[in-house]
Each structure stands twice: as structure tokens, then as C-alpha cells.
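First the structure, in the form of C-alpha cells, and then the observations on it.
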Amino acid sequence: ESRMMFDPPSMQNTQVAQFGDFAELLGYDLKADSLSASRPLDLKLYWRATNTEPITTAYTVFTQLIAPDGHLVAQHDAPPNPPTTAWVPGQIVADTHALKLVDSTYRGPATLIIGWYNSASVMRVPASTGGDFVTLATPIEVVGR
């Protein structure tokens with residue numbers, strides 16, 4: 001039985017952006033809008049494969065929490081499952097990430113950004129919104145516990 005999905009599931013948050021010629025962000029789910037040293041931020045991204053030819057490059061998704069001053073607070077980078085080299089045009093891919101603090105002393109608001117990079121060269125993939133990442137709409141709070 002195929003586990004491939006072609007109809008978008010229901011999502012907590014709809015947010016659309018195109019990355020390169022292969023991935024369209026459809027939206028995301030968050031289990032919470034805060035994280036701490038003992039509790040990572042669980043994020044699920046929903047991608048639609050927009051490739052028309054087989055993808056021959058392996059790509060990695062980056063997810064980062066950025067403090068108002070621009071420094072990195074939390075991060076999780078991982079290729080999606082299945083990897084982009086196995087994507088079928090039109091397929092919907094649910095991609096999970098658990099962001100963990102890299103700055104354990106920071107407390108306060110943070111902005112969640114996501115994007116893609118070439119797994120071999122680490123070159124980021126351009127986003128349709130300009131630049132090489134998208135800011136997710138949900139504000140995140142870094143708390144003590």
C-alpha cells in the first residue's frame with residue numbers, strides 16, 4: 001500500500017512559499033508556541049513537490065529560531081523523509097523537526113525561520129518571497145522550564 005499523499009491534510013497554519021523549482025511550502029503545525037531547555041519545539045512542515053523532472057540533488061531543510069538581535073537561539077536541520085531525490089511531482093510531504101536550544105541562557109521572544117540548502121554544497125535555495133528563507137507567522141517564546 002502506498003504511503004504517498006497527494007491531497008493536503010488539514011494544517012494548523014497555512015503559509016505558502018516556493019523554494020527553487022522543487023518545493024512549495026503549504027503550511028505547518030506547532031505542538032506549542034514556546035520551548036525550553038527541557039522541551040524542544042515540535043514543528044511539522046507540509047511541502048508539495050513541484051518538480052517536473054526527477055530531483056537529482058539531495059536537499060536539507062533548516063529550521064531556526066532567531067532572537068530579536070539576530071542571534072541563533074534554537075535549530076534543527078534534517079533532510080525530509082522521503083528525501084527529495086525520491087519525491088514524485090505533486091506529492092505532499094509531512095516533514096517533522098524538533099528544534100533544540102543552542103543558546104541555553106536566552107529567554108524571550110524569537111522568530112521561526114525555515115528554508116532549504118543543498119546537502120553537499122550547503123548553498124541555500126532561493127525562496128519566492130525573496131532571500132533564502134521564510135519567516136513563519138507564529139511568534140515563539142523561549143521560556144525557563
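The values are calculated or read from the model by the stated rules, or taken from the named source; none is laboratory data. Model, not experiment: these values are computed from the prediction. For neighbour counting, all protein chains shown are included, and Cβ atoms are generated from backbone atoms with ideal geometry for every residue, glycine included. Ligands, DNA and RNA are stripped out before the accessible areas are found, and what is left, the full protein with its side chains, is counted by its heavy atoms. Shrake-Rupley method; radii C 1.70, N 1.55, O 1.52, S 1.80 Å.
In the context of the full set of protein chains, the chain has a per residue accessible area of 51 Å² (1.4 Å probe).
Solvent-accessible area assigned to carbon and sulfur over the chain amounts to 52 percent, based on a 1.4 Å probe.
Once you order the gyration tensor axes a ≥ b ≥ c over the Cα atoms, which shape class does segment 74-118 get: rounded for a/c under 1.5, otherwise prolate or oblate by comparing a/b with b/c? Because a/c hits 1.5 or more and a/b exceeds b/c, segment 74-118 counts as prolate. Solvent-accessible surface of protein heavy atoms, probed at 1.4 angstrom with all chains present, puts 7, 95, 77 in the order 7, 77, 95, largest first. Each label was represented as a point 7 Å from its Cα along the Cα-to-Cβ direction; for residue 13 and residue 128 these points are 1.9 nm apart. Close amide-amide hydrogen proximity is noted between residue 51 and 90, each under 5 Å apart and 5 or more residues distant or on a separate chain (H modeled in the peptide plane; Pro and chain starts excluded).
Return the whole-Å distance between the Cα centroid of segment 24-70 and the Cα centroid of segment 95-145. Value for the Cα centre distance between the two parts: 7 Å. Relative contact order of the chain: 27 percent, from C-alpha pairs under 8 Å at least 6 residues apart in sequence.
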